[in-house]
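Structure first, commentary second.
The values are calculated or read from the model by the stated rules, or taken from the named source; none is laboratory data. Please read these numbers as outputs of a predicted model, since none were measured by experiment. As a convention, Cβ positions derive from the backbone with ideal geometry for all residues, glycine included, and neighbour counts pool all protein chains shown. Accessible surface areas use protein heavy atoms only, side chains included; no ligands, DNA or RNA. Shrake-Rupley method; radii C 1.70, N 1.55, O 1.52, S 1.80 Å.
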Amino acid sequence: MHLQKEPSFRESVDLMFNRAVALMDLAPGLEEKIRVCNATYTVRFGVRLRGEIRTFTGYRSVHSEHMEPVKGGIRFATGVNQDEVEALAALMTYKCALVEAPFGGSKGGLCIDPREYEEHELELITRRFAYELAKRDMIHPAQNVPAPDMGTGEREMAWIADQYQRMNTTDINGKACVTGKPLNAGGIAGRVEATGRGVQYALREFFRHPDDVAKANLTGSLDGKRVIVQGLGNVGYHAAKFLSEEDGSIITGIIERDGGLFSDTGLDVEEVRQWIMKHGGVKGYPNGQYVEDGAVLLEEDCDILVPAALEGVINLSNADRVKAPLIIEAANGPVTAGADDILRKKGCVIIPDMYANAGGVTVSYFEWVKNLSHIRFGRMQRRQEEARHQLVVDELEKLSSSMGNTWTLDGKFKERYLRGADELELVRSGLDDTMRVAYQAMSKIWHERDDVDDLRTAAYLVSIDKVASSYRAKGL
Ligand code: GLU
């Protein structure tokens, strides 16, 4: 039993920020300037639904405008409040800085349970919310660019884009007012999978550093590692799917709203996902052991724990029972500041949210660039690349026949080598590079500085330094 009081989400983010900033030498006052949220706009609006006017409360918080536009998702959930939105906006600032996405940090939220509404009702509500934000430039390609978050997805982003464009009919860059749109409405290939894909790339990069792996008391690669995932939404689903299908990891646990599933030999992620879609939860799924209190699986023995749902799920009440030696924060803020202290002391390695789930905003950045350039990635180069590769293959085959065909090019190799990269491949390559470079920056500090003993502090140091230099460059 801990007597220590759990701080709020925003306080938790601030505490982690303070811990890092204490190790830095910032100009007086700059620390405070970076920490605080610049502005939070609260909107209450009415929508006529089912014969009555219903009032909704929404927020858009701007944490830092050291770079513009500011960027961050819009969340639809009943728990949305100002403290949460501000914490999430702050994390966006640090996240964007860390992965070098040229944005300030922002976040929005609407207090609503989207499952209670029909599609056409949600459209009315979303459009009205978008209208309220857009008329105050809180949705704008050059100033504030939202994206999906919990409870929102491509569909909502398409409504928001359309709403903005109706209000700004001559803005040639109107589509860049929001990211995470469907492909046919100005989206980019690979955005839906991006955050989960980023989690996979982050883990792959971690396992390329044997010294770091050893700090978590692990060895080897992702192959055969036992993974427990909390939340099989967009992020958790893609991360678990890719890790199990492509890296040989074994998904031993899946925790959902209505309970958890466990299997020593591994769960079939795709099958579980289909089950959830059909039955609304994991209960009754036949190929795994069901536990009603899913949270106990957070404390189960495994190699990697992937909290991919809400903030604050690993907290003072359960942190000392968490056994995973490695936690990757696919969600924003799943580990509270107090839990972080406890886990760190136990030697658990935490790959922090601002890095681990940055894949979403990274691909959002690519989408925004695509919208501003009005051309799909790869459209100019793809066939030219293929033609040049064909030249090499032709030449090699000529050589081979002049040597009596004593060797040949493997058919599979030829096929792979000849194919020019399409948008999806380019997006994945850009994301992979981003995740590698950002990890290396954090890891370097983790190793080089004696006063830094965790990746989160290292991540804060890298990103605060970047934000601070932007402010310095502006003369502040
Ligand atoms: N909502 C996501 C996040 O928390 C994505 C933000 C974006 O793409 O702008 O990072």
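Averaging Cα coordinates gives a centre for the range 56-128 and one for the range 260-277; these two points are 30 Å apart.
By a 1.4 Å probe calculation restricted to protein chains, Phe262 has an accessible surface near 30 Å², given to the nearest 10. Rolled with a 1.4 Å probe across the full set of protein chains, the surface gives Met24 an accessible area near 40 Å².
How much FRET efficiency would the formula 1/(1 + (r/R0)^6) give for Lys33 and His374, where r is the Cβ-Cβ distance and R0 is 30 Å, rounded to 0.05? Intermediate values should be presented prior to the final figure.
Values: r = 36 Å, r/R0 = 1.21.
In this case the efficiency is close to 0.25.
If you sort Asp303, Asp264, Asp394 by accessible surface, 1.4 Å probe, largest first, the order is Asp264, Asp394, Asp303.
Hey, which of these cross-link pairs are over 22 Å Cα-Cα: Lys95/Lys323; Lys181/Lys370; Lys33/Lys135; Lys225/Lys278?
Numbers: Lys95/Lys323 27 Å; Lys181/Lys370 12 Å; Lys33/Lys135 27 Å; Lys225/Lys278 29 Å.
Cα-Cα > 22 Å for Lys95/Lys323; Lys33/Lys135; Lys225/Lys278; rest within.
The charge dipole of the range 13-86, taken about its Cα centre with unit charges on the Cβ of Lys, Arg, Asp and Glu (plus for the first two, minus for the last two), comes to roughly 560 debye. Residues of the range 447-466 with backbone nitrogen within less than 14 Å of a virtual label 7 Å along the Cα-to-Cβ line of Asp320, please, listed as ranges. Of the residues in the range 447-466, none has backbone N under 14 Å from the label point off Asp320.
In the assembled protein chains, Leu431 presents an accessible area of approximately 0 Å² (probe radius 1.4 Å). Since only Ile375, Ser400, Phe413 are under comparison, the one whose Cα sits farthest along the positive direction of the charge dipole of the range 372-419, derived from C-beta charges on Lys, Arg, Asp and Glu, is Ile375.
To the nearest 0.05, what FRET efficiency results for Asn168 and Val296 with a Förster distance of 51 Å applied to their C-beta separation? Let's see the in-between values first.
Values: r = 51 Å, r/R0 = 0.99.
In this case the efficiency is close to 0.50.
If a spin label sat at a point 7 angstrom from the Cα of Phe413 along the line to its beta carbon, no backbone N atom of the range 362-389 would be nearer than 12 Å.
Working with all protein chains in place, sort Lys71, Lys398 by solvent-accessible area computed with a 1.4 Å probe, largest first. The partial results should precede the final answer.
Numbers: Lys71 0, Lys398 125 Å².
Descending order: Lys398, Lys71.
Under the convention that each Lys and Arg Cβ holds +1 and each Asp and Glu Cβ holds -1, the size of the dipole of the range 259-407 around its Cα centre is about 640 debye. The label-point distance for Arg50 and Asp450, in a model that sets each label 7 Å from Cα toward Cβ, rounds to 6.5 nm. Calculated mean residue ellipticity at 222 nm for the chain: -14000 deg cm²/dmol, from DSSP H runs with n ≥ 4 weighted as -39500 (n - 2.57), summed, divided by the residue count and rounded to 500.
So how strong a dipole does the chain carry about its Cα centre when Lys and Arg Cβ are +1 and Asp and Glu Cβ are -1, to the nearest 20 debye?
Details: 59 positive and 71 negative charges, 268 e Å.
For this selection, approximately 1280 debye.
With Cα atoms defining each centre, the range 163-179 and the range 193-245 are spaced 37 Å apart in the structure.
Full extension of the chain between Glu245 and Glu119 yields a length gain of 42.1 nm, computed as 0.36 nm times the residue separation minus the alpha carbon distance.
Volume per residue for the range 26-111 equals 92 cubic angstrom (convex hull of Cα atoms). Applying 1/(1 + (r/R0)^6) with r as the Cβ-Cβ distance of Asp223 and Thr265 and R0 = 22 angstrom yields a FRET efficiency of 0.90.
The slack between Lys5 and Asp465, meaning 0.36 nm per residue of separation minus the straight C-alpha distance, is 162.6 nm. Remark: the Glu386-Asn18 segment gains 127.4 nm on full extension, using 0.36 nm per residue and subtracting the alpha carbon distance. Rounded to whole numbers, the Karplus 3J(HN,Hα) couplings from phi for the range 308-325 are 10, 10, 8, 6, x, 6, 10, 9, 4, 7, 10, 4, 6, 9, 6, 9, 4, x Hz, using 6.51 cos²θ - 1.76 cosθ + 1.60 with θ = phi - 60°, and x at Gly and Pro.
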